[in-house]
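K.L.:
If you scroll down you'll find the structure; I have some questions about it.
Coordinate-derived values only; no laboratory data. Please read all numbers here as calculations on a predicted model, not as lab measurements. As a convention, Cβ positions derive from the backbone with ideal geometry for all residues, glycine included, and neighbour counts pool all protein chains shown.
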Amino acid sequence: MKIKKAIKYFIIDFDSTFVQSEGLEELAVVALKKNPDRELTIKKIKEITNLGMDGKILYDESLRKRLKLLHGNKLHINQVVNILKKKISLSIKRNRPFFKLFKDNIYIISGGFKEFILPIVKTFGIKKSHIFANTFVLDRAGKIVGLDSKNPLSQHGGKVKVVKNLRLTGETIVVGDGYSDYEIKAMGAAKHFIAFTENVYREIVVQKADRVVSSFDEFLYVNNLPMSISYPKSKVKVLLLENINNQAVTDFEHEGYKVEYYEKSLSKFEILNKLKDIRILGVRSRTNIDKEIIDQGQKLLTIGAFCIGTNQINLQKAALEGIAVFNAPYSNTRSVVEMILGEIIMLSRGIFAKSIKLHQGIWDKSTAGSFEVRGKKLGIIGYGNIGSQLSTLAESLGMHVYFFDVVERMPLGNAEQCNNLKDLLSISDIITVHVDGNSDNIHLISENEFNLMKDGVIFLNASRGFVVDLKALEKNLRSGKVRGAAIDVFPNEPKGAGEAYVSRLQGMQNVILTPHIGGSTIEAQKNIGVFVAGKIIDYINAGNTHLSVNFPNIHLPKQGNFHRLLHVHRNIPGMLASINSTLARFHINIEGQYLKTTEDIGYAITDVNKFYDKQTIKELKTIENTIRFRLLY
């Protein structure tokens, strides 16, 4: 005998639940636009709203007190409707199909006003007869003069009365943000009360709830109801360290992710203790993400290096655990280049030494050791994003540019490529280093290299601290072989602002020392935050790995009305055949498929029709040599 599934009914609040704000507060903003006491009145209205929502005053008292402070009319009501249409809660908007599918089981019951509610919720397919709310009373001129006092929702306990009168025979679930929503369950008119906190968090309401959800996605997920996305975004937890730009925080939170943010780097022990439920980890250059941390991050999907370099992350281990890593190879290029150019000019003119003397009361106008940069030969070691952009700007200042790179690069402008490092060192008046974190670059510039340089050379390093032998640099600075230097990176750097730094180069007047700030401008850090967060969001939501530093790079087309299967596996023969034979066994037609590999891993993306046996997913996850499997819809 087939057991009939119990019917579920959903009672959903409107203000601060279905939409992001309170209708009467929006009306106050519009209606009081020219009122000199506007700000004070709006503040008072919000205070009364909160008192009612927290159950500290009766709801009908809250409603009437707010209406007395308003001087609205029909035109204002229409304006508020247009405002609220743009403020539908993001997770509600995402799940429009759910409302149409369950339209017979959904009721909107609100202490707000039907004039605001009806034009919005009817577009979701909700029946007009299932919408219960207050109504305004207008005079002949269209001015709001009160509300329909016969409506039970204008009275204390009105929501309870309305729900009881519906006589629903089934499991009734209330979703809302206010105390009056909780009362429906408390007075026996519903089985469950779910506190909805996507837009507002009311402590007293949360304490009374059977469950708290921070999005409608999460509500559907915990109730095993059909969702428009495969996993609630509010359950995607993000850990950001090292004062990553707030724009990244904003972008993640706007997406619905939960962000934990720290301005400093954390110890390894602290990171390990926080990783249990983290899906996204964001760091800059001071945090070392080693094998142990990656092993601990069982739920990690991706790591963001909010900087250029990635040598602080064990990329191979991350790949073998199915964790995609993204960085920002271009976002701070301009900032680094501008600093290097400024330092070249300052060192060429001896500005810092003269500034120090003037602070000491010494007036030194001597031109000795002061030169223009025009006509000088600039040698750039490493002709990547930074080196090449420095090349073009330096040439515009009249400098002759030479460069050396282990990779064949196309010269920009009139720059000349040197055949080897020795040639570049011997010809250049000014030398600047812009290489990557490859271990081959450790002490790339040491005693032998300084010996090859011209006497009186100017030397700059803003790449990696280990690139230069600082002992050799100090020796050549003191001898005068190197006339001046600018160093932005060091072999060992403090973990935070409170830790002291000691260097053998301190106290030398012809040396500019900066605390790894080449890319530390407001513009660069914002660009990095936007870029890396964007890449991570695109990977989480759509599976794109374009510009990942450790995953096969795939730029996927926009996902259509299909389910997208993401399969990360060890790069061995026959994996795609295993995936496709599993799909064929369940008679699943492939709408689109993409595969790319690295030496270690393969990344296969398959778009399939959304109607299939769920056993398929279980079998795809258990294919031998599978590293990670995700489903997107």
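K.L.:
What residues have an amide H closer than 5 Å to that of residue 259, excluding those fewer than 5 places away on the same chain, when H is modeled at 1.01 Å from N in the peptide plane?
P.N.:
Placed amide hydrogens put 238 under 5 Å from residue 259.
K.L.:
Right, something else. Spelling out what I want: for every residue of the stretch 145-162, take phi, set θ = phi - 60°, compute 6.51 cos²θ - 1.76 cosθ + 1.60 (Karplus), and round to whole Hz; glycine and proline get x.
P.N.:
My calculation for the stretch 145-162 gives 10, x, 9, 5, 6, 7, 5, x, 6, 8, 10, 4, x, x, 5, 4, 4, 4 Hz in order.
K.L.:
If I stretch the segment between residue 610 and residue 169 completely, what's the gain in nm (0.36 nm per residue apart, minus their alpha carbon distance), one decimal?
P.N.:
Full extension of this stretch gives 155.5 nm more.
K.L.:
Sticking with this structure for a sec: Tell me, what is the FRET efficiency for residue 370 and residue 455 to the nearest 0.05, using R0 = 22 angstrom and their Cβ-Cβ distance as r?
P.N.:
Efficiency, rounded to the nearest 0.05: 0.80.
K.L.:
Same structure again: Sorting 633, 201, 383 on the 10 Å Cβ count, fewest up front, what's the list? Intermediate results must be reported in sequence, preceding the final value.
P.N.:
Working: 633 16, 201 13, 383 25.
By the 10 Å Cβ count, ascending, the order reads 201, 633, 383.
K.L.:
Can you give the FRET efficiency for residue 44 and residue 250, using 1/(1 + (r/R0)^6), R0 = 35 Å, r = Cβ-Cβ distance, to the nearest 0.05?
P.N.:
Working: r = 30 Å, r/R0 = 0.86.
Given R0 = 35 Å and the Cβ-Cβ separation, E is 0.70.
K.L.:
Mean 1/r over all different Cα pairs, inverted: what Kirkwood radius does the stretch 315-383 give, in Å?
P.N.:
16.0 Å
K.L.:
Quick one: compute the contact order of the stretch 346-515, relative version, from alpha carbon pairs under 8 angstrom and 6+ residues apart, as a percent.
P.N.:
18 percent
K.L.:
Sticking with this structure for a sec: So, in Å, what gap is there between the alpha-carbon centers of the stretch 442-501 and the stretch 565-580?
P.N.:
48 Å
K.L.:
Can you tell which of 214, 503, 126 lies farthest toward the positive end of the dipole of the chain, using +1 and -1 charges on the Cβ of basic and acidic side chains (Lys, Arg; Asp, Glu)?
P.N.:
The listed residue farthest towards the positive side: 126.
K.L.:
Ok, one more. Tell me, what is the FRET efficiency for residue 499 and residue 471 to the nearest 0.05, using R0 = 30 angstrom and their Cβ-Cβ distance as r? Provide the component values of the computation, followed by the final result.
P.N.:
Working: r = 22 Å, r/R0 = 0.74.
In this case the efficiency is close to 0.85.
K.L.:
Kirkwood Rh, Cα Rg: Rg to Rh for the stretch 462-612?
P.N.:
1.25
K.L.:
Here's another thing I want to ask about it. Report the net charge of residues surrounding residue 235, where surrounding means a beta-carbon distance below 12 angstrom and charges are Lys +1, Arg +1, Asp -1, Glu -1. If you can, show how the numbers build up before the last one.
P.N.:
Values: positive: 233, 237, 258, 279, 299; negative: 217, 218, 277.
Summing Lys/Arg as +1 and Asp/Glu as -1 gives +2.
K.L.:
Measuring from label point to label point, each 7 Å out along Cα→Cβ, what is the residue 508 to residue 93 span in nm?
P.N.:
My value for the distance between the label points is 5.7 nm.
K.L.:
What 222 nm value per residue comes from the helices of the chain, counting each DSSP H run with n ≥ 4 as -39,500 (n - 2.57) and dividing by all residues, nearest 500 deg cm²/dmol?
P.N.:
Theoretical 222 nm ellipticity from helices: -10500 deg cm²/dmol.
K.L.:
Once amide H atoms are placed 1.01 Å from N in the peptide plane, what residues at a sequence separation of 5 or more from residue 147, or on another chain, have their amide H within under 5 Å of its amide H?
P.N.:
Hits under the 5 Å cutoff: 137.
K.L.:
Let me ask something else. Which of the listed residues, 537, 355, 380, is farthest toward the dipole's positive end in the chain, when Lys, Arg count +1 and Asp, Glu count -1 at the beta-carbon?
P.N.:
Final value for the positive-end residue is 537.
K.L.:
Can you give the extra length, in nm with one decimal, that the chain gains between residue 291 and residue 571 once fully stretched, where that is 0.36 nm per residue apart less the Cα-Cα distance? Spell out each step's value before the answer.
P.N.:
On the way: separation 280, 0.36 × 280 = 100.80 nm, distance 2.03 nm.
Gain on extension, residue 291 to residue 571, equals 98.8 nm.
K.L.:
Then there is this: Taking only the C-alpha atoms, wrap a convex hull around the chain and report its volume per residue in Å³ as a whole number.
P.N.:
For the chain, the hull spanned by Cα atoms encloses 225 Å³ per residue.
K.L.:
Given a cut-off of under 8 Å on Cα pairs at least six residues apart, what relative contact order in percent is computed for the chain?
P.N.:
9 percent
K.L.:
Quick check: net charge around residue 501, other residues with Cβ under 15 Å of its Cβ, Lys/Arg +1 and Asp/Glu -1?
P.N.:
Counting the neighbours of residue 501, the net charge comes to 0.
K.L.:
Would you mind ranking 236, 259, 401 by Cβ crowding within 10 Å, fewest neighbours first?
P.N.:
259, 236, 401
K.L.:
Turning to a different aspect of this structure: With charges only on Cβ, +1 for K and R and -1 for D and E, what is the dipole size of the chain about its Cα centre, in debye, rounded to 20?
P.N.:
2860 debye
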